[in-house]
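Asker: First the structure, which I've put down as structure tokens, then a few questions once you've had a look.
The values are calculated or read from the model by the stated rules, or taken from the named source; none is laboratory data. Quick caveat, the model's predicted, so the values are computed rather than measured. Ideal geometry is used to build each Cβ from the backbone, glycine not excepted, and the neighbour counts take in all protein chains shown. Areas reflect the complete protein model, heavy atoms only, side chains present, ligands, DNA and RNA absent. Shrake-Rupley method; radii C 1.70, N 1.55, O 1.52, S 1.80 Å.
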Amino acid sequence: MRNVLALLILPAMAVGAIIVFGGIPIDLPLDTFVSNVTNGHPALELNARGVEELASGNPVQAVQTLREAVGLEPGNALVRRNLSVALARVAGESLDDREKALELLTESEELWPVNPEVLDGFLTLHFRAGRYEEALEYARKLYRRMPDRADLAEHVSRLEGMVASREGMVTEDGDNFRLHYSGQRKLEYEGEILALLQDEMDSLTAALGIFPADPVDVLVLTEELGSHADPFEPSLEGLYDGQIRLYVGQGIDDRNKLALTVRHEMVHALLHRAAGNLPSWVQEGLAQKVGENQSPDHIQAVRAYMVREMGKGYAINLDDLDRSFITMDPEHRMRSYAVSLLFMDHLEGRYGRNFIQLFVSELTDGKAPLQAVKSLTGESLQQLQNSLTRSLSDS
């Protein structure tokens, strides 16, 4: 999200936030039998072994073992359910291969139609592909299955809002995008936006080393769409919440600003597609540093701003910047954007210009941000945070 609040304090500073969600973590208890029950019963012995393989983190082997068990006792509901869980977990590790994941999830669903991990798998696949109506259907099924989960209720509500945001829209496909805009009249500049999106996608995929398999949805929100085209909060110019939202009102007034907004939100989209939900300090730091390619003069202005804030008693704490910045009060939000940008700039300055690409590569390989930072620098987040603080204090 690009937020114009920053312009009031730091000229030309483009900052933003991100609201995203993907798969819901589901932790199912696995069923097995004690050894004195399984002894002499081949199907149940295989079931017990398959459960052990699942518990040890080897779902691929568990699928093979549990397939054998189902072959011996096709009607055993317990064994079928455990095979369903194993298949869903293999699918969860294969989401980048959409065809394979769908095949595994379909088989898993046939074995146990209400398996929460299957419902979550289909939900995640449809969400990633921008099929929000189908994702909402599975989210509702999952919530009915697990009604005590407040996060699922929020998940359903947000998807309902995303589906509603498509009302009154027409769609035009680009190579890597689906552009949605008002159906009330032809959007005169949709071709210009599609070209801009494609140019920036080509630039950022090379910079980040991320090449998404599914197209990115982009909503161009104009006056004709009524109240659901209003920004999440008045100062927003763009937002990524699983789809890129561009708030253009009556039209494109400043094409350079639109390009910055597109790049900022596109970094969010690429990171989310490749690495899932990340802490906001990671998302926003990279969206500013890579997406907006800030000039040395701008970085210096942000440093001066943070030196002033630290002089007022503000202490840098990245642990406090995990959540979405959009929920913060304006003053806290501004500092959060500034710290995120300066931390990424500090890491690049200290460890070399290829640090960010290496960091993103670690994230897309499945490492958590703290693991990735430690792997690349040999230092903890706290040590690096302290190093940034000293750097600013010595300015």
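Asker: So what is the relative contact order of region 258-395, in percent, for Cα pairs below 8 Å that sit 6 or more residues apart?
Answerer: Result for region 258-395 is 28 percent.
Asker: Relative contact order of region 107-200, please, whole-number percent, based on alpha carbon pairs below 8 angstrom and at least 6 residues apart.
Answerer: Contact order relative to length: 16 percent.
Asker: A further question follows. Starting from the Cα of Glu192, step 7 Å along the direction of its Cβ; do the same at His41; then give the gap between the two resulting points in nm.
Answerer: 7.2
Asker: Something else about it: Let's test the formula: R0 of 30 Å, r as the Cβ-Cβ distance of Asn256 and Glu167. What FRET efficiency results, to the nearest 0.05?
Answerer: The computed FRET efficiency comes out at 0.45.
Asker: Cβ under 14 Å from Ser56's Cβ, Ser56 left aside: what net charge do those residues give with Lys, Arg +1 and Asp, Glu -1?
Answerer: Here the charged neighbours net out to 0.
Asker: Also, quick follow-up: In µm²/s, what is D for region 192-277 at 4 °C and 1.567 mPa s, where D = kT/(6 pi eta Rh) by Stokes-Einstein and Rh is the Kirkwood radius from Cα pairs?
Answerer: D, rounded to a whole number, is 97 µm²/s.
Asker: OK, next. Among Phe177, Pro74, Ile316, pick out the residue whose Cα is farthest towards the positive end of the charge dipole of the chain, where Lys and Arg carry +1 and Asp and Glu carry -1 on C-beta, about the Cα centre.
Answerer: Final value for the positive-end residue is Ile316.
Asker: Still on this structure, please answer the following. Residue farthest toward the positive end of the dipole of the chain, with Cβ of Lys/Arg at +1 and Asp/Glu at -1: which of Ala213, Gly352, Met201?
Answerer: The residue sitting most towards the positive pole is Gly352.
Asker: Same structure, new question: What pairs in Lys100/Lys289; Lys289/Lys374; Lys289/Lys367 have C-alpha atoms more than 25 Å from each other?
Answerer: Over 25 Å apart, Cα to Cα: Lys100/Lys289.
Asker: Then there's this: Give, in nm to one decimal, the length gained when the segment between Arg144 and Tyr314 is fully stretched (0.36 nm per residue of separation minus the Cα-Cα distance). Before the final figure, lay out each step's value.
Answerer: Values: separation 170, 0.36 × 170 = 61.20 nm, distance 4.46 nm.
That pair, Arg144 and Tyr314, stretches by 56.7 nm at full extension.
Asker: Further, regarding this structure: Which Cα, out of Ile299, Ser387, Phe122, lies furthest along the positive dipole direction of the chain (beta carbon charges, K/R +1, D/E -1)?
Answerer: Value: Ser387.
Asker: Could you give the length gained by full extension between Asn277 and Ser393, i.e. 0.36 nm per residue of separation minus their alpha carbon distance, to one decimal place? All intermediate terms of the calculation are to be shown ahead of the outcome.
Answerer: On the way: separation 116, 0.36 × 116 = 41.76 nm, distance 3.20 nm.
Between Asn277 and Ser393, full extension yields an extra 38.6 nm.
Asker: Another question, then. Kindly provide the Kirkwood hydrodynamic radius of region 245-331 in Å, to one decimal, from all pairs of distinct alpha carbon atoms.
Answerer: 14.9
Asker: Considering only protein heavy atoms, with the full assembly of protein chains and a 1.4 angstrom probe, order Lys312, Lys141, Lys289 by accessible area, largest first.
Answerer: Ranked list, largest accessible area first: Lys312, Lys141, Lys289.
Asker: A further question on this structure: If R0 is 41 Å, what FRET efficiency do you get for Asp151 and Asn58 from their C-beta distance, rounded to 0.05?
Answerer: Efficiency, from the Cβ-Cβ distance: 0.90.
Asker: Restricting to Cα pairs below 8 Å that are 6+ residues apart, what does the relative contact order work out to for the chain? Please round to a whole percent.
Answerer: Numbers: 558 pairs, mean separation 65.0, N = 395.
Averaging sequence separation for qualifying contacts and normalising by length gives 16 percent for the chain.
Asker: Next question. How much length is gained on full extension from Phe211 to Asp322, taking 0.36 nm per residue of separation minus their Cα-Cα distance?
Answerer: 37.4 nm
Asker: Relative to the compact-globule scaling 2.2 N^0.38 Å, provide the ratio for the alpha-carbon radius of gyration of the chain.
Answerer: 1.11
Asker: Right, next: Relative to the longest principal axis of the chain, what angle (0 to 90°, nearest 10) does the C-alpha long axis of helix 116-128 take?
Answerer: The angle comes out at about 30 degrees.
Asker: A further question on this structure: Please work out the FRET efficiency for the pair Leu358 and Ser203, using the Cβ-Cβ distance as r and a Förster radius of 22 Å; give the result to the nearest 0.05.
Answerer: 0.70
Asker: Checking a compactness column here: for region 315-395, what do you get for Rg(Cα) / (2.2 N^0.38 Å), N being the number of residues?
Answerer: Working: Rg = 13.1 Å, N = 81, 2.2 N^0.38 = 11.7 Å.
Compared with the compact-globule rule of thumb, region 315-395 sits at 1.12.
Asker: Quick one: Karplus J couplings for region 231-243, per residue in order, coefficients 6.51, -1.76, 1.60, θ = phi - 60°, nearest Hz, x for Gly and Pro?
Answerer: x, 4, 9, x, 7, 6, 10, x, 8, 10, 9, x, 9
Asker: Also, I was wondering about something else. Would you mind checking which residues have amide H under 5 Å from Val216's amide H? H placed 1.01 Å from N; only 5 or more apart, or other chain.
Answerer: Here Phe177, Arg178 satisfy the definition.
Asker: At 7 Å along Cα-to-Cβ for each site, give me the label-to-label distance between Glu223 and Val114 in nm.
Answerer: So the two model labels end up 5.2 nm from each other.
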